[in-house]
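The values are calculated or read from the model by the stated rules, or taken from the named source; none is laboratory data. For clarity, every value in this text was computed on a predicted model and none was experimentally measured. Cβ sites come from the backbone with ideal geometry, for glycine too, and all protein chains shown count toward neighbours. With ligands, DNA and RNA removed, areas are computed over all heavy atoms of the protein, side chains included. Shrake-Rupley method; radii C 1.70, N 1.55, O 1.52, S 1.80 Å.
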Amino acid sequence: MPVITCIDDLKRLHRKRTPKMFYDYAESGSYTEQTFRENTSDFAQIRLRQKVAVDMTGRSTRSTMLGEEVAMPVALAPVGLTGMQRADGEIKAARAAAKFGVPFTLSTMSICSIEDVAAHSDAPFWFQIYTLTDDDFNKRILERARAAGCSALVITVDLQLLGQRHKDLKNGLTAPPKFTLPVLADLATKWRWGIEMLGTKRRFFGNIVGHVSGVEDPSRLSSWTAEKFDQALNWDRIQRLMEMWGGKVILKGILDAEDAEMAAKVGADAIVVSNHGGRQLDGALSSIRVLPEIVAAVGERTEVWLDSGIRSGQDVLKALALGAKGVMIGRAYIHGLGAMGEPGVTAALEVIRKELDTSMALCGERRVADLRRENLLVPKGFFEAYE
Ligand code: GLV
């Protein structure tokens, strides 16, 4: 087993071992990828304040998210096509998360179905939906999620249409892949992926195929979003989806304090400050830059979490110190999965927990709940740079 020291180690292996179209799907932003790049470069501008001679014994990264006990406040974000990064990918990620003690979120655009993940993992997981026009589909999928014991619903509010990712178009992204010559040439070097994939029946969008009609090519994410996503979405409609579910709801994809106000008003139990990993509105600000304003606006009324740009425990510390109660990671665990399957997801979580724990200690903190703005050094004007 290779020595894994950081998420970048897993990323390199992910790239080496996974077909190009799926690695690229994960590692892309929309259009010029400005927001995708700034999600990480903005984190890098923030520094940590070292404190010495502080008792650092008895530390813990434990916390709660939505009242659920977590080993650290880091949940696995919903990621489409996870079961294409590695055979049975969603099941592997859900099991790794359950063993580690962090929440796993299953995407509607998963390869393994809700029922399949529930049957192969012990812990309840969260389920993510998009905002679709088709209420019959919405009702049925929510019923399926309830029957599978999902403990919260994540509603993605920033994807009424799909931001264009150039690489997906150039690669002809589909699930399963269509065997064109370039795809076959690429697969010749990804034998491990191919062998595992031949050994599973889970190669289609498990929540969609057989459950939805009238989509021109159900193997394409872009046809599904173009044909079924609700471009007329408004807050009443979001509220209706929340009522249809009737349980805990996380609204994911908030980047603006006014939108956060609306989310709190409709009763979201948590919101995720997110630009969808830089995959939707290219040119939007990084999540970390807008976090404090949103925490100030609604942090007393709803749990504020952050995603987009987290690649280390130091990043987690920065988000928590700026008022987030938790974070979600997408690419960081997908790199682990693509690199080494279930043990790779565990490795990603271990890397992040160790980095968080060590950085907390060297900042003189013993509990995540104690992290605060004073633990950071932020460039002057960083949060006021844009208006
Ligand atoms: C889907 O949500 C995607 O970002 O591809």
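Result for the chain in a Gaussian network model with C-alpha springs under 10 Å: among 164, 45, 314, the largest mean-square fluctuation is at 45.
Taking every C-alpha pair closer than 8 Å and separated by at least 6 residues, the mean separation divided by the residue count of the range 7-377 gives a relative contact order of 29 percent. The range 97-163 to the range 308-345: how many Å between their Cα centroids? What the calculation gives is 19 Å, centre to centre. In the chain, helices alone account for a calculated mean residue ellipticity at 222 nm of -12500 deg cm²/dmol, with every DSSP H run of four or more residues adding -39,500 (n - 2.57). A 1.4 Å probe, protein heavy atoms only, puts the accessible area of residue 130 near 20 Å². The 3J(HN,Hα) values that the Karplus relation (6.51, -1.76, 1.60; θ = phi - 60°) gives for the range 59-69 are, in residue order, 6, 8, 9, 5, 7, 10, 10, 6, x, 8, 5 Hz. Gly and Pro appear as x. The DSSP beta bridges internal to the chain are antiparallel in roughly 20% of cases. Remark on residue 74: its backbone amide H falls under 5 Å from those of 327, a criterion applied only to residues 5 or more positions apart or on other chains, H modelled at 1.01 Å from N.
Given in Å, the Rg to one decimal and the Dmax to the nearest whole number for the Cα atoms of the range 7-377 are 19.6, 65. Within the assembled protein chains, the solvent-accessible surface assigned to residue 139 is about 90 Å², based on a 1.4 Å probe.
Quantify, in whole percent, the carbon and sulfur part of the accessible surface of the range 192-278 (1.4 Å probe; protein heavy atoms only). Working shown, then result.
Details: 1940 of 4040 Å².
Accessible surface attributable to carbon and sulfur in the range 192-278 totals 48 percent.
Think of each Lys and Arg Cβ as +1 and each Asp and Glu Cβ as -1; about the Cα centre, that makes the dipole of the chain roughly 1280 debye. Ligands, DNA and RNA are left out, and with a 1.4 angstrom probe the accessible area of the chain is 42 Å² per residue. Between amide H atoms placed 1.01 Å from N, distances below 5 Å from residue 48 occur with 377, all of them 5 or more places distant or on a separate chain.
Ordered from highest to lowest accessible area with the whole protein assembly present and a 1.4 Å probe, 241, 362 read as 362, 241.
Give me the net charge of residue 227's neighbourhood, meaning all other residues with Cβ under 13 Å from the Cβ of residue 227; Lys, Arg count +1, Asp, Glu -1. All intermediate terms of the calculation are to be shown ahead of the outcome.
Numbers: positive: 220, 228; negative: 134, 216, 217, 230.
Local charge sum for residue 227: -2.
Pairs 51/252; 92/354; 16/92; 201/248; 20/325; 11/92: which exceed 29 Å Cα-Cα? Those over the limit are 51/252; 201/248; 20/325.
What do you get for Rg/Rh over the range 148-271 if you use C-alpha atoms and the Kirkwood form of Rh? Before the final figure, lay out the partial values.
Working: Rg = 18.5 Å, Rh = 17.5 Å.
Reported Rg/Rh, Kirkwood definition of Rh: 1.06.
Counting only protein chain heavy atoms and rolling a 1.4 Å probe, the accessible areas of 235, 224 rank, largest first, as 235, 224. When the chain is treated as a GNM with alpha-carbon contacts under 10 Å, the residue of 358, 200, 40 showing the greatest mean-square fluctuation is 200.
Between amide H atoms placed 1.01 Å from N, distances below 5 Å from residue 249 occur with 153, 269, 270, all of them 5 or more places distant or on a separate chain. Comparing 109, 244, 328 in a Gaussian network model of the chain (Cα springs below 10 Å), the most mobile by mean-square fluctuation is 244. Among 273, 378, the sequence by solvent-accessible area, most first, with a 1.4 Å probe is 378, 273.
Applied to the range 349-365, the Karplus parametrisation 6.51 cos²θ - 1.76 cosθ + 1.60 on θ = phi - 60° returns per-residue 3J(HN,Hα) values of 5, 5, 4, 5, 5, 5, 4, 5, 5, 5, 5, 4, 4, 6, 8, x, 10 Hz, with x for Gly and Pro.
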